[in-house]
Each structure stands twice: as C-alpha cells, then as structure tokens.
Amino acid sequence: MKVTFPHMGNIHIAAKIFLDDLGVDYVVPPISNNKALEVGTMYSPEEMCLPFKIMIGNYIQAIEQGADTVIIVGSCGPCRFGEYCELQMNLLKKLGHEITFIVLDSPRDVGKKELLERAGLLVKESGKNNYSGILAMLKGVKAIELMDEIEKEAYWLAGYEINKGECKKLLHDCRQKVVSTKDSDQALKILKEYKKKINRVKMDSTKQPLKVSIIGEIYTVIEPFSNQYIQERLMDYGVSSNRMLTPSWWLKDLLGKVVKMNSISLRRASQEYLPLGIGGHARECIGEAVLAAKEGQDGAIQLFPVGCMPEIVSKSILPTISKDKDFPIMTLVLDEMTGQSGYITRIEAFLDLLERRRETSHVLFGN
Amino acid sequence: MKVGIPKGLLYWKYGIFAEIFFTELGCEVIVSGDTNSEILNLGIENSVDEACVPIKVFHGHVASIKDQCDLVVIPRIMRLTDREFICPKFCGLPEMIKNSIPNMPDITEEEINAYHEKALYKSMIQIGKKVTKDRRKIQKAFEKAMEAYQTSSCGIHDEKYESKIALLGHPYNVQDPFLNMNVVNKLHHLGVGVMTEEFAPKKEVNEYANQLFKKFFWTFARHCYGAGAYFAENRKVDGIIYLSAFACGIDSVVIELLKDRVGDFPFLVLKMDEQTGQGGFDTRIEAFVDMIERRKECEGNFSSYGEHSYSS
Ligand code: SF4
Ligand code: SF4
C-alpha cells in the first residue's frame, strides 16, 4: 500500500508527519501546479467545481509515482464535497487505475465505529498499534496548528516589515525545510523555530498598511494554487491580509469542536444577514465580512469556484453588507481559465480603490 | 391580506398546498403568471449573476408580483426527507431575494421542514402566524392543504405511446415548459411518450440509489438517480433525457453517476440557461429520438433472429 492525498494548502505538512511516524509508505503529490490542473480538467466532468479538478490532478500525479491508495476526508453537508469520493473513484477506475479510497467522514455522519475502522486500515498497514497511531495523529495536528500560526503572522506582518520580502522568504524557507526531514520531532522543532523567527521580523509599527480579509469557499481560500497565490501577491504589494479559514480551523470544525469554541462571535456576526447554515461555508463567509468591517479592515475579497452553490448565496448578500457597513468587498470567481492578467488587474484595481478611500477619508476627517 | 405565490422552483410540486393553505386562512392569493421572457428578464435583472436559471426565473416571478402583495411566499425548504437537503440555494432563498430585489414587501422566511407531517405542521404554524393568531384556523387550513396536496398528482406518465422516454431532473426544470422549451410537447409531437421520476416505485428508487458507495444527501438527486437506474435497467423506457440547469452543482454529480450506471443506454443531457435557443434544443431532441427508434428496430431484429434460431 502506498497512500496519497489531495492537496489543500499546508495540509501535506501535517499529513507527512503523520504518515512518517506511522511508518506507512506514501507519496506527497507534487504541489498543485498547472499540469495537475490541466490533467484534472481534461479528465473531470466539465461542470464539476474547480477543487474537484485540481484534486484529480493531484491523484494522477501521485499515481504516476506509485500511489495506490487515496485518503480523503469527506465532509457531509448540503454540498458537493461529500459526493466527491464516489465520482473520483469511478473516474480513476475508468482511467484504468485501481485505487483504494479510504474515506474519513465526520463521526457525526458515519458513526465513530465506522470511522475508527476506516482509520484502522492505515494503522494495520503500518504494523503499529492504535496508540502510536493516535500519537502520530496528534503530532500531525500540532504541526498544522503551528504552520497555520506562522502563515497567519507572515501574511499579516508583511504589511509592516522593514526589509521588504522578509516575511515571504521566511514562510517559503519554513515550508521547504519542514518537509525535508522525515523525523517528526525534528519537523516540529523546525516549526517552533520559525514561529519565533517570524515574530522577530523587524517591523515598522508606524506603517499603516492596507488590511484585507480573504473570505469565501474553503478550498479556494486555503489552496493557494487555486487562487493564484493571492495572499502572497498581497504580501508583495505590502498589504496585510487575514483569513479565518485554515486547515486547523477545518479540522476542528470536522471534529465538531468549533461550534462551541471560536465560531460564536462569527455566528453572532452573521445572524443579521444569514441566520442559519445553508451548506458549505456561506455562513462563515458572511460572518467574516461583518467582522472584518467591524475590526476596521479596509476591504474583503470573496473567492469561490465557478458554480459554487453556497457562495452564490453569499455573493447575493455581500452587497448589502458592503452598503450597510460602507465596506468594500470584491468577488473573484475562479475557474481553470482564471487568466493571470485579468485577475491581477482586478486585484490591483481593488487595492487602488481602497487606497483612494483612505486618502479621501483622511481629508474628510483631517487626520 | 394579499399573499403572493411565485410560480417557480417547487411551486411545481407544492403550489397547490400553498394556494389552499393561504386561501383557507382567508387571504387573497395572487399566483404569478406562467414563466415568459419578461419574467426571465426581470429575474436576470434582479438576481446575482452567478445564479442558475431556475433561481433567476424565481426572482423574476417574485419581482413580477411583489408590488401587489402584502406578503410573498419565499419557501425556505430545508428538508423534504430526513437527513437530506435540496440545494444550498433553497436554504438561502429568502436571503437571496431580500438582498437582490429592492422594495420587497414582507416575506415568509421561516424554515420549512417537511420530512414528516408533524414537522411540516410545525413549520406551517410559524408561517400561518404571519396571517392570523388563530391556531385553530391555521390547523384547519393545514389539513385542507394537506388533503388537496395528497389528492393532487404531479409528474407525467404517458400510456399510449410505443416509445417512451424518461424525463429526469429537478421538478421545475421538467415541468416548466418555458424553461425546458416545451420538451414534452416536442416529444409527443415526435410520437414519443414521457415518464417522470414520480412514476418509478419509491422502493426501487431507494434501492437503486442505496447501491452507491455513499448515500445522496440531496433529495432530488436520489430520486433522479434511483428512477433513472430503475427505468433503464428494467427497460421501462427507451431512453433518458436529463434536463439540467447550467451550472447546477447537483445535476452535474447526478448526471455523471447516472451515466456510469446505465452504460450505453441512450442518455441525453439538455442544459438550460438564459440563452438556450429553441433551435439547438429541437435538433438534439430529434436526433436522439431517431437514434432510439433505430436502436429499437435493431433490437427487434435481433430478438426475432433469436427466436428463429431457437425454434428451428
Ligand atoms: S462548496 Fe462550492 S466548491 Fe465546495 S463542493 Fe460545494 S459547490 Fe463545490
Ligand atoms: S438544485 Fe440546481 S437548479 Fe436547483 S436551485 Fe440548486 S443549483 Fe439551481
């Protein structure tokens, strides 16, 4: 058995630590790239959403390197993610790949026992006991939490850094270094080191960078390839950016913890505009937009793949929020054709708009 | 009180229920007119660009009657069956309407859960409260509406044609002749009968749908997939036409799964959006019907050959 998994941002860092410790053979698919998108698009039904297509590309590139088992997390809800695995299995089969899928569903939907059984397949393969399986998992979770924190800081501090490009460089170095070792303790050590490093970046706290929230559909928000590295671009422009949806948020959400912990304020914020969950992460999107306006950020960018049902509902609500709170929000709809140039022009135009608003408000309020 | 009922989305299944319910409550009920290009255009103007055409059409219906009404029924249908949904856009329908159409009168925003008569009753009490405080009256209206719904029939089942096609898709796509360019008439004209999902036995529909690795959590996906597989594998029809709204995430999944399931059984997908032209549709339907009849002839020949060889 040689397992693989689809990419979603930095998830592979955690997955790698988990699988290394478990001692299971695995392939990390090449970081999502144009070729992956190209093959994914070629083989996927045309109207499937972008995440589906990129994931297929990931699998195929991993299969080329010998993978024969796919681990995927199927979350159930009124959206397509939950139906992915079935279509993906059929699709790969038609291409002549006999691939085993291990689908980790939320225990809410398949029951704890079934979930443990499915996860047990992996542990059995490794020849280790359940206890080491859980230990490996905890290390993976720790890793993704650290990585998310580092990333969050880097994206935010980029607006304040004195040596331009330092945050971005640190982030890249960190990602590279942490996957270069097969020793999980070493990997965690590297992450902790970088966490310190990022907090020691020289900053000019008198700077007043533009602040932008990235909101919308979870995959396109988290997987940088799918959004053409929007947050890294913002770093280049010296803009501080912020997003709430991260792999560690998602993990907690899957385990049902978030409900009690950090999403209360979000719920309160979304209450006025979308008082209930409708599937996907539409409610989070609305709540984040409201919070971003309240926190005094300059604007928000909503991202979603073409045809994304829940986010289309959000998009119809956002203009009202924008008007009520006098808060600019731009929507970028992503597909496999998201041509670099038009896309970048729109981001730049939006940043210009935010700049201009600041200038006029300075004049108005005399500060 | 004047209550508006837009003739879009699941009006095609539950319209009668809503009409009777509000009439019994003593309201003057205003149902929007049949879908036409004016309504479609109103919908396009008053909805978010990325929405699918049935949602846009619904917006158009709402916009066309809102000024005559004190209350417009915007059903937030959460569930028709336990643990299943319809589509995120149904759950967020009131929000889409409120934020897209200016100067809306009062609307019904309450959640409707219809997986059980009791649950539905509870939902309707909430909605009825918008009209009257008299619970007894609401209860009576509910009972009358239920009765009317249960004795109404929905769907198409043509008996007298030799060739038959299963017409699958969300009910509004299958039943709104404007949206689907009158495909039913067209088929009748070509001498082909039509059968819809409602006429596949429930038990079989579920059985076929449950053979999937993963259970659907969308009600109409289960219906269409189960019915399609049942019709095809039991040769209840000669072909399947799937009517799908362009960019419908749910249809895109069902179509792929159903295609995998039925193999080389004749299967045509017709996609509808605001620009679909009658011409293209007609040619495709004609070609499909041609193909089915040729196929039938062939099969007829084969089986008669078969019989010969047996008897000799
Ligand atoms: S939330 Fe959007 S992108 Fe995700 S599965 Fe649903 S439709 Fe696709
Ligand atoms: S089910 Fe499909 S056609 Fe119906 S509202 Fe949702 S996306 Fe549109």
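Quick note: the coordinates plus some simple rules give every number you see, no bench work behind them. None of these values were measured; they are calculated from a predicted model. Cβ placement follows ideal geometry from the backbone for every residue including glycine, while neighbour counts extend to all protein chains displayed.
Straight-distance candidates among the aspartates and glutamates for linking to A:K112, with alpha-carbon spacing under 17 Å and chain neighbours fewer than 8 residues away dropped: A:D253.
Taking every DSSP beta bridge that has both ends in chain A, the antiparallel portion is near 5%. For the protein assembly as shown, DSSP calls about 5 percent of its internal beta bridges antiparallel. Summarising the label geometry, the points placed 7 Å from Cα in the beta-carbon direction at A:K197 and A:Q176 lie 1.0 nm from one another.
Compute the distance from the alpha-carbon center of segment A:191-235 to that of segment A:316-340, in whole Å. If you average the Cα positions of each part, the centres end up 19 Å apart.
Which value, in nm² and rounded to one decimal, describes the direction-averaged projected area of the C-alpha convex hull of the protein assembly as shown?
Numbers: hull surface 140.5 nm².
Averaged projected hull area, Cα only: 35.1 nm².
Going by Cα centres, segment A:119-156 and segment B:215-249 are how many Å apart? If you average the Cα positions of each part, the centres end up 41 Å apart.
With neighbour counts taken as other beta-carbon atoms within 10 Å, the residues A:L22, A:L354 rank, fewest first, as A:L354, A:L22. Restricting the GluC sites (Glu not before Pro) of segment A:1-81 to loop positions (DSSP other than H, G, I, E, B) with no more than 10 neighbouring Cβ atoms within 10 Å leaves A:E46. In straight-distance terms, cross-link reach from A:K177 covers every one of the aspartates and glutamates whose alpha-carbon lies under 14 Å from its own, apart from those fewer than eight places away in the same chain; here that gives A:D185, A:E193. When each of A:S205, B:S153 is scored by the number of other beta-carbon atoms lying within 10 Å, the sequence from fewest to most is A:S205, B:S153. Note on chain B: with a GNM built from Cα contacts shorter than 10 Å, the maximum mean-square fluctuation among B:K130, B:K236, B:K66 falls on B:K130.
Considering every alpha-carbon pair of chain A, the percent of pairs per 20 Å bin, from zero through the bin containing the longest distance, is 28, 60, 13, 0.
Past 21 Å, Cα to Cα: identify those pairs from B:K215/B:K259; A:K142/A:K197; A:K16/A:K211; A:K164/A:K197, in the order given. Going by Cα-Cα distance, A:K16/A:K211 fall outside the 21 Å limit. Summarising the overall dimensions of segment B:2-150 from its C-alpha atoms, the Rg and Dmax are 14.6, 43 angstrom. Students often get this wrong, so check it: of A:K53/A:K189; A:K128/A:K182; A:K53/B:K13; A:K2/A:K169, which have C-alpha atoms separated by over 24 Å? Beyond 24 Å between Cα atoms: A:K53/A:K189; A:K53/B:K13; A:K2/A:K169. Take each residue in B:242-251, count the other chain C-beta atoms within 10 Å of its C-beta, and the mean is 3. Between helix A:309-325 and chain A there is an angle of about 20 degrees, using the helix long axis and the longest principal axis of the Cα atoms.
For peptide B:100-111, the mean count of partner chain Cβ atoms within 10 Å of a residue's Cβ comes to 1. A simple charge model with +1 on the Cβ of Lys and Arg, -1 on the Cβ of Asp and Glu and nothing else charged puts the dipole of the protein assembly as shown at about 2400 debye relative to its Cα centre. From most to least packed by mean Cβ count within 10 Å, the peptides B:77-83, B:89-95, A:308-314 give A:308-314, B:89-95, B:77-83.
Summarising the label geometry, the points placed 7 Å from Cα in the beta-carbon direction at A:S361 and A:R118 lie 4.5 nm from one another. Taking a straight line from the alpha carbon of B:K118, these aspartates and glutamates sit under 12 Å away, with near neighbours fewer than eight places off in the same chain left out: B:E143. Look at the stretch A:44-56: the mean tally of other chain Cβ atoms within 10 Å of its residues' Cβ atoms is 2. Footprinting exposure proxy ranking of A:T220, A:T320, A:T100, fewest other C-beta atoms within 10 angstrom first, gives A:T100, A:T320, A:T220.
Summarising the label geometry, the points placed 7 Å from Cα in the beta-carbon direction at A:N129 and B:I16 lie 6.5 nm from one another.
When the helices of chain B are scored as -39500 (n - 2.57) per DSSP H run of n ≥ 4 and the total is divided over every residue, the value at 222 nm lands at -16000 deg cm²/dmol. Note on A:N90 and B:K202: with the Förster distance fixed at 25 Å, the Cβ-Cβ geometry gives a FRET efficiency of about 0.45.
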